[in-house]
Amino acid sequence: MKRVVITGMGIYSCIGKNVAEVRESLYAGRSGIGIDPARAEHGYRSPLTGIVEPPRLKGLLDRRLRIGLAEEGEYAYLATLEAFREAGIDMEYLERNETGIFYGNDSSAKAVIEANNIVMEKRDTTLLGSGAIFQSMNSTVTMNLSTIFKLRGVNMTISAACASGSHSIGLGYMFIRQGLQEIVLCGGAQETNIYSMGSFDALSAFSTRVEAPTKASRPFDAGRDGLIPSGGAASLVLEEYEHAVRRGAPILAEVVGYGFSSNGKHISQPSDEGCMIAMERALQDARVLPAEIDYVNAHATSTPQGDMFEAIALDRLFGDSRPLISSTKSMTGHECWMAGASEILYSVLMMRHSFVAPNINFERPDDYSGKLNIATETVEKEINVFLSNSFGFGGTNSALVIKKIK
């Protein structure tokens, strides 16, 4: 089996538009959550969201390539530019060598709705424009990035709800480990427009703590009342270790374990058993004991049930070893299809800079979170091995184990 390392990372999010800004926000425990007045006007129960600045691609990307990019594709393009730059990969390299892509995305709502509105108003599909189909498909991110960056390897969109980004990294890891690819771009992207989250709001899934937006996302806290939607994109370059060494690439961390499971029960009900299976498989794959995990970036989205079931599973798995745990969603909100990728990036930054970002707004534990070692403030700590969890609707579960490179 080949070794798999991370050689580049890039991000565009509500807590920073690049890796340096994000690292500062994580260390400071700075929230990116605010109020979007357009949501209230549109009929949302909750106007809370992660505030992501609209990208400006004019001058960076030719118009012919821009017209096929949906909102989440724009985020992913900027994140990928940064990731390839850090990995020391330019267009000449991409044109001469085979690079694959697995990217998490599970909606492109704005493009679909806007195209439908044009047809309903004008009664003429020819007015949609050439970019409409490429923006509206779930595979919009991979089809656009593979075209823009001349990627000629494996090319797939991973559509697995809020575990999409994590599964994309897991699959990239498996392809490289088995010798099927030498470099794979992995990541996750999430649109943030008003059309993308109305159905979640209809389920009463969102916090309504509008009087204090930055305190609304409260993973594991007894007073949590729902998640905060957010988005952006995170890209990671995964590479076979020997190949990275030959290139002289920066080696940021090593992917050593991937675990997965399906609850096989209720379509939206979480399961501590499903969480456990994914985490145990990831640890077994990594040949790591629970006591060797220094930090866990929990999936915890700030929902009453989801956080409870994950806390039960974490307590069962780790027991007395009590690694430090935090949910970076306390600062970012729930980045959905992006989250599994962004949270690997967040945790690698913590590993490289020797700190654990805080689970902000954790003021009062409940019966389940009270058993966990939750970081309520930034902790200076060396991290050698961490676990990151991602779970999604439909019972899809993913867990990844990352090691400091030796």
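Please treat every number below as a calculation from the coordinates, not as lab data. Model, not experiment: these values are computed from the prediction. Every residue, glycine among them, receives a Cβ derived from its backbone with ideal geometry; neighbour counts consider all protein chains shown.
Quick notes on this one:
- Karplus-derived 3J(HN,Hα), 6.51/-1.76/1.60, for each residue of the stretch 323-332, Hz, glycine and proline x: x, 5, 10, 8, 10, 5, 5, 4, 9, 8
- Distant-in-sequence amide H partners of I405 (H built 1.01 Å from N, under 5 Å): E254
- Semi-axis lengths (Å, descending) of the ellipsoid that matches the C-alpha gyration tensor of the chain: 30, 27, 18
- For the peptides 388-398, 359-369, the ranking by mean Cβ contacts within 10 Å, running from highest to lowest, is 388-398, 359-369.
- Gain in span if fully extended, I405 to V119, counting 0.36 nm per residue against the direct Cα distance: 97.6 nm
- Amide H contacts under 5 Å for S302, placed H, 5+ residues apart: F220, D307
- Of all beta bridges that DSSP places with both ends in the chain, some 70 percent have antiparallel geometry.
- Positive-end ranking of F149, S302, L324 along the dipole of the chain, with charges on Cβ about the Cα centre, is headed by F149.
- Packing here is the average count of other Cβ atoms within 10 Å per residue, and on that basis the peptides 3-11, 227-235, highest first, run 227-235, 3-11.
- Evaluating 6.51 cos²θ - 1.76 cosθ + 1.60 at θ = phi - 60° for every residue in the stretch 55-71, the Karplus couplings come out as x, 10, 9, 4, x, 9, 9, 4, 4, 4, 8, 5, 5, x, 8, 6, 3 Hz, glycine and proline recorded as x.
- Cβ-based exposure ranking for Y258, Y346, in which fewest neighbours within 10 Å come first: Y258, Y346
- Hz values of 3J(HN,Hα) by residue in the stretch 341-357 - Karplus curve (6.51, -1.76, 1.60), Gly and Pro given as x: 7, 4, 6, 5, 4, 4, 6, 5, 4, 4, 4, 6, 10, 6, 8, 10, 5
- The GNM of the chain, with springs linking C-alpha atoms under 10 angstrom apart, assigns the highest mean-square fluctuation among S196, S326, S108 to S196.
- In terms of its C-alpha gyration tensor, the stretch 126-200 has an oblate overall shape, because the principal axis ratio a/c (a ≥ b ≥ c, square roots of the eigenvalues) is not below 1.5 and a/b does not outweigh b/c.
- Amide H contacts under 5 Å for G223, placed H, 5+ residues apart: R364
- Most mobile listed residue (A212, A70, A286) in the chain, GNM with C-alpha springs under 10 Å: A212
- Most fluctuating residue given options E239, E380, E82, as computed from a GNM of the chain linking Cα atoms under 10 Å: E380
- Per-residue [θ]222 nm for the chain (sum of -39500 (n - 2.57) over DSSP H runs n ≥ 4, rounded to 500): -10500 deg cm²/dmol
- Footprinting exposure proxy for S262, S136, S164 (fewest neighbouring C-beta atoms within 10 Å first): S262, S136, S164
- Take each peptide in 166-178, 47-59, count the other Cβ atoms within 10 Å of every residue, and average; sorted highest first, the result is 166-178, 47-59.
- Percentage relative contact order, the chain, counting C-alpha pairs under 8 Å, at least six apart: 24 percent
- Summary of the geometry: the stretch 206-260 and the stretch 132-194, compared by the centres of their Cα atoms, lie 16 Å apart.
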